[in-house]
Amino acid sequence: MSQQLAKEISQRAAKAARAVATLSEADKNKVLQKMADAIRAHQDKIIEVNKKDLVAGKEKGLSDAMMDRLELTPERVEGMASAIEEIINLKDPVGDSYILEERPNGLKIEKMRIPLGVIAMIYEARPNVTADAGALCFKSGNAVILRCGREAIESSKAIAEALHEALEQSGLPKDVITVVPTPDRELMTELLQQKDYIDLVIPRGGEGLIHYVSDTSKIPVIQHYKGVCHLYVDKDADLDKALAILLNGKTQRTGVCNALEGLLVHQDVADKFLPMAAKALGEKDVTIHADKRSVGYFDGADEIADDQFGEEYLALEIAVRTVDDFDGALEHIQQFGSGHTEVIITENDDTAKRFIREVDSAVTMANASSRFSDGGQLGLGAEIGISTSKLHAYGPMGLQALTTEKFVVTGNGQIRE
């Protein structure tokens, strides 16, 4: 039963993808505006349904971070609609082309951007992904199959109803955006076998989900792995900047992948900065896990061994380590970072450039909060996620990352000798 349903869903999505692939940018934008309007019109229903998911999530014992991701408020529903309108204002990459060269025999070689086709998104307690991914995939000429976790299934269905209303009003098949009707694991497994119809799988969620999808899928996978993001305070740092960026990165919103999970401090400034950090983080009730050299600066801190770093807390918790020098910070990031986002605070341009060049991460930052590691903040509009896989996309994935390139060859009757 699951095998047949997975095949039917995938076939319908593949057929729908052909309908959207040829739409003009103007036509796509008209549909997207209808989607945004429909989200607003369905706000009360979406929030009411979301309350049921929240009750079920609480009964299930979801973490505070998961509950935060799951909850939809009027402001967050409006945020979904606004994000769709931001996508309207972004340039459609489909059809963009550029000349590589003209060959000696007169052949003109170009490359042109085209949609990927059908994208399967697998995610957990993030109902907003339904709207973000649906709109981004639509604007980039793709169909999308959305498989959310049990925690957000009813909210996602309600959001999809609004999107389907806009599609049908525009004469388009609702299979352009499909929410898998059940979070059944067997059905997800069968979807991951549909390599004849699905072109790319993007999982967003916990380690268990990411590993399962990567190990099971017969379709290419772009991993959106955990966010173990570090802030490194260099010996040449402006400590006031460092403190503000630390607080913003750790405490503004804890249950997101671009929140800080690790603080590294150069030994030359540890005596000055760590007391500042201890006071400020203490006022925010942040739990501290620190190495032997750092633990004494914090009241009630938990001392951890060198092999206990690398946790993604998604809570008011952070790991702190004092490092000997810049190379020590890089070694720590290499060992414990997740390839998401890494930040340096320094007034030394050469050190900043070296950090940006040498740190192996999808996003590297100098003197800016990790909370800017987000598609909207980086000018991409709503993102489909942040890739930690080094495939064609690395970092926040916007419209262009949902397309690929094909060769276009124009001749005048040339034949190969």
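Summary table below
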item	result
Unique match (being farther than 23 Å from VAL213 by Cβ, charged (D, E, K, R) and without any contact (Cβ under 8 Å) to a residue 24 or more places away in the chain) among GLU405, GLU417	GLU417
Subset of segment 226-247 [within 12 Å of THR346 (Cα to Cα) and surrounded by fewer than 23 Cβ atoms within 10 Å (Cβ to Cβ)]	LYS235, ASP236, ASP238, LEU239, ASP240, LYS241
Any hit, segment 344-357, residues being under 30 Å from LEU391 (Cβ atoms), open to solvent by less than 20 Å² (accessible area, probe 1.4 Å), in contact with a strand residue (DSSP E or B) (Cβ under 7 Å, 6 or more places away or on another chain) and among the aromatic types (Phe, Trp, Tyr)	yes
ILE384 farther than 22 Å from ASP240 by Cβ, buried (at least 23 other Cβ atoms within 10 Å of the Cβ), touching a helix residue (DSSP H, G or I) at 6+ places or on another chain (Cβ under 6 Å) and in contact (Cβ under 8 Å) with a residue 24 or more places away in the chain	yes
Cβ-Cβ under 9 Å pairs, at least 6 apart or on other chains, segment 287-305 side on the phi > 0 side of the Ramachandran plot, far side in a strand (DSSP E or B)	GLY300/THR287; GLY300/ILE288
Answer residue from segment 9-24, given it is modelled with pLDDT of 95 or more and open to solvent by 70 Å² or more (accessible area, probe 1.4 Å) and is nearest to ASP96 (Cα to Cα) among those	ARG18
Matching entry among GLU261, GLU312 (being at pLDDT below 95 and among the charged types (D, E, K, R))	GLU312
Out of ALA152, ALA131, ALA143, ALA135, sole residue that is under 14 Å from the mean Cα position of the chain (by Cα), small (Gly, Ala, Ser) and under 28 Å from GLU71 (Cα atoms)	ALA131
Test: residue in segment 42-54 that is part of a loop (DSSP other than H, G, I, E, B), over 16 Å from GLY134 (Cβ atoms), open to solvent by less than 80 Å² (accessible area, probe 1.4 Å) and not acidic (Asp, Glu)	no
Hey, LYS195 in contact (Cβ under 8 Å) with a residue 40 or more places away in the chain, basic (Lys, Arg), surrounded by fewer than 22 Cβ atoms within 10 Å (Cβ to Cβ) and on the phi < 0 side of the Ramachandran plot or not	no
Near pairs, Cβ below 6 angstrom, 6+ apart or cross-chain, from segment 244-270 (within 12 Å of ALA315 (Cα to Cα) and among the hydrophobic types (A, V, I, L, M, F, W, C)) to any residue that is buried (at least 23 other Cβ atoms within 10 Å of the Cβ) and at pLDDT 95 or above	LEU260/CYS229; LEU260/LEU231; LEU260/GLY249; LEU260/LYS250; LEU260/SER370
Set LEU163, LEU167: member being under 23 Å from the mean Cα position of the chain (by Cα) and either without any contact (Cβ under 8 Å) to a residue 24 or more places away in the chain or closer than 15 Å to ILE39 by Cβ (or both)	LEU163
Residue among TYR297, TYR313 that is touching a Leu at 6+ places or on another chain (Cβ under 6 Å) and open to solvent by 10 Å² or more (accessible area, probe 1.4 Å)	TYR297
Selected residue [of a type in the set (A, V, I, L, M), open to solvent by 10 Å² or more (accessible area, probe 1.4 Å) and closer than 20 Å to ASP184 by Cβ] from ILE153, ILE122	ILE153
In segment 327-379, the residues that are among the hydroxyl-bearing types (Ser, Thr, Tyr), closer than 23 Å to ALA270 by Cα and assigned to a loop (DSSP other than H, G, I, E, B)	THR346, SER369
Candidate set: segment 201-218, residues that are open to solvent by 10 Å² or more (accessible area, probe 1.4 Å) and over 16 Å from MET66 (Cα atoms); chosen: the one modelled with the lowest pLDDT	HIS211
Near pairs, Cβ below 9 angstrom, 6+ apart or cross-chain, from segment 60-71 (under 12 Å from VAL256 (Cβ atoms)) to any residue that is open to solvent by 60 Å² or more (accessible area, probe 1.4 Å)	ASP68/ARG253
Residue match in segment 92-100 (condition: of a type in the set (A, V, I, L, M), modelled with pLDDT of 95 or more and either assigned to a strand (DSSP E or B) or farther than 19 Å from PRO183 by Cβ (or both))	yes
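The values are calculated or read from the model by the stated rules, or taken from the named source; none is laboratory data. Predicted, not measured: the structure shown is a model, and the values here were computed from it. Quick reminder, even Gly has a Cβ in these numbers, built from the backbone with ideal geometry, and neighbours come from all protein chains shown. Please note that ligands, DNA and RNA were not included when accessible areas were found on the heavy atoms of the full protein model with its side chains. Shrake-Rupley method; radii C 1.70, N 1.55, O 1.52, S 1.80 Å.
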